[in-house]
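A short write-up of the structure that comes next.
The values are calculated or read from the model by the stated rules, or taken from the named source; none is laboratory data. From a predicted model like this one, the values you see are computed outputs, not experimental measurements. A quick note on method: Cβ atoms are made from the backbone with ideal geometry, for glycine too, and the neighbour counts reach across all protein chains shown. Surface areas here come from the heavy atoms of the whole protein model, side chains and all, with no ligands, DNA or RNA. Shrake-Rupley method; radii C 1.70, N 1.55, O 1.52, S 1.80 Å.
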Amino acid sequence: MMGREAVISHLMTWLNKGNEADKFYAIRTLSQLQALESSDQLMSCLTDEDDDVCIEAATALGELGCEQAVSLLKEAVLHHDLGDVKIAATQALATIAENKNNSQAKDLLLDLVVDNNQLEGELDGGWNDFWDIQRIAVIAIGEQQIAAGVDLLKQLLNSEDGQDIEVEILKSLAQASVEGVNYLLSLIEHSNTRTLRRIINALAFVQSEQQEKCLTSLMLLLAHQQAEVRLAACKTLSIYAKAETLTALMPCFVDNNSDVAENAIRAMINIAKKIPNGLANISAHSLLSMAKNAQPAACLSLLKIALEMSNYANNMDEDDFKFLARLIRKKQPELLLLANQLLFVEANSEYNTLLISCFSDQALAVHIRRSLIHCYGKYMVNSEEDIAPLLTLLKDNKVNGEQDHKQENVIKTAIFEVIAQLAARSYNKANNEIGNIAEQTLFGFVNERVVARNSSDIKNNNKKTVMAKNITASQVIPVTFVDENNQNNQNKNKTKELSENYNSTLASLYTDEQRSSRVITHNETVIDESKTTSVNSTLAALGAFAIENPNQQAIQQVNKTELDQDQYLRNLLAEQNDTMLPYNDIVEQHLQSSDQLGLSRKKVARINTIPNQILAAQALAHYPCSNTITLIIESLRTTNINLAAALLTALDRIISKHSKIKGLSNVVGICATLLYGGNNEIKRLAAKNLAHLKHRQAIPALHDALTNEDHNVRIQAIKALAELISLSAHKISNNQHVVRDEGKDERTIRLISECLDDSEYGVRRAAIEFMQQHKVIEIEKLVNMGCADGGVLADTVGKALNVIDKQQATQVILAKLAQSDNFNVRRALFQQISCLYGQNSIH
């Protein structure tokens, strides 16, 4: 039996016969395997001719906790020629001292704290090896609470040598013993601001039983004139969380420095957590009462904490609401968002007008407006009156310029997300004859029958349509209910909602004149509705229709703004103030040299406004229901690639979280058919949806996708097939009474095994993970793949082999190690062994 002992024995032979690189990786692997039996040979490597081998051997001895190596490590620290070896040996001594409580190692660390002429040695650039050695020893004294080192630390702190590691010395004094803590407290009165701040930060690490003696000094520092000192004191007292500090902290709640105020309040919260029902006593009301008389910086911190605490105790009254409204009207961006969020912790509909005016203000930062829109959607009612402000903003939020288009897209995305979330809420059916107005509004934007820009685009972009024209009838997978004539009675209202004109909410946004002269934007054309009356296959459902006689007058070319950057730079030069004039010649020379080289800085502005239809399609992910699934199926008739991608992305998000929605089985045929032709991004999204659905009917289409020219499609197809041949997929098929075909699984495994030879790294990685998931016995092929391309997939292969067959994998790897003449291959094999038997391996 090939096991851990055989692997360790084999690795130890490389310490004798291998070159420097083999020794290096063999030592690292033995360390990862925690091979204590290799300690003697590792100690002999401390004197190897190669410095990297010495460094790795010292590190390994420390990680193995080899106490027998302490003397040899001391020798390396004192007498080795290379500073890096000395540093590695010192770190090994610190590790052994901590893990094994070795007194000899601790004594050596104490000796290394003080300057020792034997250790000094200049490296390139004037760096002294001893500085790093000293730092390691100082940290070890604190972490291991070596009380004997306190006097040495005090001596070092007062010397010039200790200035660069002052933070580490102070922290170790706080950790080491009571004597160290007392010494730090004695320094507070006479230290400069920087050192005082460092002392306070160090006191945060004292032992819990020593915190009491630090409280008085820290509370006095809360009144220090320097904000950085007050801030450090607040943070340390927050860690202590002692109830007796609460009174001292209260003046800091309204500190002029917002960081001090916020940390003081957080210290109070940490204290409250230790008291039964303590958080309930820190209400939003009490914090707002303090904010009313606080400076703007403190007010900001108080509002921030009040918003967090409103989850525990929300007892705000009308005076609080009026105070928040006054803050909002001041239009200070920092306070405005927090004030609105606090105001709408509960449904304060009487302040809706104020909130609407805020998110409609284009002068505000886009991230604030987006948050305010979501704040508005938190309590809005599914009614035409509440949706109307959002649609008005959608209409009026028109901007120009590349950066402005980014902001417009963010705002419009937030609007559609809120409408989608609103559609999922209940509404008063008795008083609402229209029905689910939010659903109808969202669906109305998605269901615009528009898919291409002009006739020339259709001719030139046939390859970019959702469906390729050469799909054969055998590749079309039928669906269940897309034919409208075969709908069940419960779908009648749904069909009406998806196909008829939408109600007065949309009418309030678009006038009759606007609707009659609808502008068709990028990648859009009108579909003949008469051709959609009967849809009985996936191909028809996807709308592979011929486009006849498009209305040329209704087509507008997308405005392409050329930015002449040369002229732009010259205009900037003309506007510079006098102080910048000396630099104008530099820019002018650059412009002239670029002209001589024929370089052009003209480019097309690429960021345009995203059509409402696409943003609404993306927002469907926030409204997971059978109506949405039906709409997505119908809307996938489009030849607009961007719209199809948005629909499939929304579908993917819905399926990943809501796999029980009625009608999802009808998506299988559409997604599988999409894999046979069309845009590669659409294929990738289709495969991703099929992975969630786990419907085995799609396996042949995914087999075809394994040969796609786009590696992202191939990767997603492999991931989907991994799900489709899983046990859960078989259970789904059994429930649907689908005849189980084991031949599909065998062919899937064979095809994905061939993907191990793919030229793309991502495809090979996906194939390896597939084989791990399904425990495919292809050991030799996997080991070879782990060695290919410099071992880039060695760790992935090692993890897979650990699951598939550890014993057989060990046998194959050791055989290859013995036979290989290539160091890169051997290094990859060492990595695979580490994955099989290292500390992080799966047992």
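Can you pick out the pairs among Lys694/Lys775; Lys378/Lys719; Lys235/Lys292; Lys694/Lys781; Lys106/Lys171 whose Cα atoms lie more than 30 Å from each other? Before the final figure, lay out each step's value.
Working: Lys694/Lys775 19 Å; Lys378/Lys719 37 Å; Lys235/Lys292 25 Å; Lys694/Lys781 28 Å; Lys106/Lys171 18 Å.
Too far apart for the 30 Å limit: Lys378/Lys719.
For Ile777 paired with Glu160, estimate the spin-label separation in nm (one decimal), with each label point 7 Å from Cα along the Cα-to-Cβ line.
That separation, rounded to one decimal, is 7.3 nm.
Sequence-distant or interchain residues sharing an amide H contact under 5 Å with Glu760, placed H: which?
none
Per-residue HN-Hα couplings for the range 818-832, Karplus 6.51 cos²θ - 1.76 cosθ + 1.60 at θ = phi - 60°, whole Hz, x for Gly and Pro?
Coupling constants for the range 818-832: 5, 9, 6, 9, 9, 5, 4, 5, 5, 4, 5, 5, 4, 4, 5 Hz.
Compute the length gained on full extension between Glu75 and Leu246: take 0.36 nm times their separation in residues and subtract their Cα-Cα distance, giving the result in nm to one decimal.
Full extension from Glu75 to Leu246 adds 56.2 nm.
Give me the extension gain from Gln811 to Ala148: residue separation times 0.36 nm, minus the current Cα-Cα distance, reported in nm with one decimal.
Between Gln811 and Ala148, full extension yields 233.5 nm more.
Excluding ligands, DNA and RNA, what is the solvent-accessible area per residue of the range 37-189 at a probe of 1.4 Å, expressed in Å²?
45 Å²
Select from the range 757-822 those trypsin sites (Lys or Arg not before Pro) which occupy a DSSP coil region and have at most 16 other Cβ atoms within 10 Å, ordered by residue number.
Lys775
Under a Cβ-Cβ cut-off of 14 Å, what is the net charge of the residues other than Tyr240 that fall near it, where Lys and Arg count +1 and Asp and Glu count -1?
+3
Run the numbers for Ala227 and Glu37: contour at 0.36 nm per residue of separation, minus the present Cα-Cα distance, in nm.
Additional length available on full extension: 62.8 nm.
Rounded, prolate or oblate, given the Cα gyration tensor of the range 302-354, with a/c below 1.5 counting as rounded?
oblate
Is any residue of the range 280-303 close enough, with backbone N under 12 Å, to a label point placed 7 angstrom from the Cα of Asp317 along the Cα-Cβ axis, and if so, which?
Under cut-off, by backbone N: 285-286, 289.
Taking R0 as 51 Å, what FRET efficiency do you get between Arg750 and Lys213 from their Cβ-Cβ distance, rounded to the nearest 0.05?
0.10
What is the distance, in nm, between label points placed 7 Å from the Cα along the Cα-to-Cβ direction at Ser9 and at Leu82?
3.2 nm
For Leu727 and Ser665, FRET efficiency with R0 = 30 Å and r from the beta-carbon atoms, rounded to 0.05?
0.95
Note down the net charge around Ala148, summing +1 for each Lys or Arg and -1 for each Asp or Glu among other residues with Cβ under 11 Å from its Cβ.
Taking every other residue near Ala148 into account, the sum is -2.
What is the range 1-116 by shape, rounded, prolate or oblate, if you read a ≥ b ≥ c off the alpha carbon gyration tensor as root eigenvalues and call it rounded for a/c under 1.5, prolate for a/b larger than b/c, and oblate otherwise?
Values: a/c = 2.90, a/b = 1.57, b/c = 1.85.
Since a/c reaches 1.5 but b/c is at least a/b, the shape of the range 1-116 is classed as oblate.
If amide hydrogens are placed 1.01 Å from N in the peptide plane, which non-local residues have theirs closer than 5 Å to the one on Met316?
Here the answer is His285, since their amide H atoms fall under 5 Å of that of Met316.
Kindly write out, for the range 700-705 in residue order, the coupling ³J(HN,Hα) from the Karplus curve 6.51 cos²θ - 1.76 cosθ + 1.60 (θ = phi - 60°), rounded to whole Hz, with x marking Gly and Pro.
x, 5, 5, 4, 5, 5
Round to a whole angstrom and tell me the spacing of the C-alpha centers of the range 316-388 and the range 163-213.
A separation of 47 Å, based on Cα centres.
With each pseudo-label sitting 7 Å past Cα toward Cβ, what's the Glu49-Ser357 distance in nm, one decimal?
8.5 nm
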